[in-house]
Ligand code: ADP
Ligand code: MG
């Protein structure tokens, strides 16, 4: 049994909300640490500390209140996580963030395990724009801090580089014709055993996740390959907790890893309603060293994200008994901001 009574969570968005709810069901208290005073997760946790992610005093205060620390977004400064780790366990280990915070280190790590990513090249200065024709049309992505398509530019020809500010480091990735996008949610426990959810099929609009669906419509061979890679990646990272691996399948059925999210993931929201154990509960169980529960799909499901002002269409609507609307109750609506989601269970 676990000795964890209080779980510290860094980050206070919707993923934080759902982690707090899962912890509560397991009788574990939560403290949220977030740099946004309007953080929606504070309404679901026992305590909330607002501070910058490098504020040593506030981070110390947070650390003293909790037994174990985890996070709901990956871009926390690694030195902050390492300082916390000197005092309390941090899961997953901050070394995971060191790799995954940087697109080029992440892809290199994946490729070294013999797993394919889409062809890419590091573009760290304008001098690197040589012999890149084979990568066009491509997508230029900042190596750090990108999410929901932020920091990405389509490059069709060499002139398109003229508008790029080379203060940032980038990678240029070949733009492929996607047949499908798939994600795998996996939870690895402290004894090294993993539990894995069925592949989820994802549709993105404007580079933001729009819908996720289970079961996915992919053949068994690809499904097994996706699962095998996720297990290998989690093992090699010595990962503790829930993580997500995003995959591309191209027109000729070739499988690539797009990226790894070292945390619970938007595409896994449907596990709340469609499984016996959600990705959030599995994460809390793992980081608090509770017993593993094998995930079993109870129902087919579709999740739709509600972005920006679309949330107002849902707030006063009536829902059918198989529809589960989740309003993150964010104070400000912004274009492209995830405001809620709706999960529909199907027979
Ligand atoms: P983020 O870190 O913002 O999630 P991703 O690299 O996952 O960035 O890109 C977001 C989405 O953009 C992907 O899910 C996919 O739909 C599209 N995309 C990204 N890279 C490529 C690519 N090389 N070829 C085709 N589509 C891509
Ligand atoms: Mg992504």
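Every number here is computed from the coordinates shown, using simple stated rules; none is lab data. All of these numbers come straight from a predicted model, not from anything done at the bench. Quick reminder, even Gly has a Cβ in these numbers, built from the backbone with ideal geometry, and neighbours come from all protein chains shown.
Starting with the fewest neighbours, write out 128, 165 ranked by other beta-carbon atoms found within 10 Å of each beta-carbon.
165, 128
Using a ≥ b ≥ c from the Cα gyration tensor of segment 271-320 (square roots of the eigenvalues), is it rounded, prolate or oblate, where a/c under 1.5 gives rounded and otherwise the larger of a/b and b/c decides, a/b for prolate?
Taking the square roots of the gyration eigenvalues as a ≥ b ≥ c, segment 271-320 is prolate.
Please report, in whole Å³, the volume per residue of the convex hull around the C-alpha atoms of segment 147-245.
Residue-normalised Cα hull volume stands at 137 Å³.
For an R0 of 25 angstrom, estimate the FRET efficiency from the Cβ-Cβ distance between residue 177 and residue 334 and round to the nearest 0.05.
0.20
Say each of residue 165 and residue 3 gets a label point 7 Å from the Cα, pointing the same way as Cα to Cβ; how far apart are those two points in nm?
Calculated label separation equals 4.9 nm.
Top mean-square fluctuation among 260, 32, 87, Gaussian network model of the chain, C-alpha springs under 10 Å?
Residue with maximal mean-square fluctuation among 260, 32, 87: 87.
Cut-off is 10 Å between beta-carbons; in what order do 61, 251 appear when sorted fewest neighbours first?
Ranked by crowding around the Cβ, least crowded first: 251, 61.
Could you check the simple spin-label distance between residue 57 and residue 157, using points 7 Å along Cα→Cβ, in nm with one decimal?
Here the modelled spin labels are 5.7 nm apart.
What FRET efficiency would be calculated for the residue pair residue 221, residue 298, taking the C-beta separation as r and a Förster radius of 22 Å, to the nearest 0.05?
0.30
Please say if segment 21-106 is rounded, prolate or oblate, where rounded means a/c under 1.5 for a ≥ b ≥ c the square roots of the C-alpha gyration tensor eigenvalues, and otherwise the choice is prolate for a/b larger than b/c and oblate otherwise?
In terms of gyration-tensor shape, prolate.
Please list, in order, the residues from segment 174-204 whose amide nitrogen is less than 19 Å from a point placed 7 Å along the Cα→Cβ vector of residue 88.
190
Based on Cα positions only, what radius of gyration and what Dmax would you give for segment 58-106, in angstroms?
11.0, 36
Taking every pair of alpha-carbon atoms in the chain, give the share separated by more than 37 Å as a whole percent.
Tail fraction, whole percent: 17.
At each listed q (0.10, 0.19 Å⁻¹), what is the log10 of I(q)/I(0) that the Debye formula gives for segment 63-184 modelled as equal alpha-carbon point scatterers?
Values returned for q = 0.10, 0.19 Å⁻¹ are -0.41, -1.08.
Can you tell me how segment 307-347 classifies by the Cα gyration tensor, rounded, prolate or oblate, using a/c under 1.5 as the rounded cut?
prolate
Taking a virtual spin label 7 Å from the Cα of residue 205 along the C-beta vector, which residues in segment 316-342 bring their backbone nitrogen under 16 Å of it?
Taking a point 7 Å out along Cα→Cβ of residue 205, the residues of segment 316-342 whose backbone N falls under 16 Å are 334-342.
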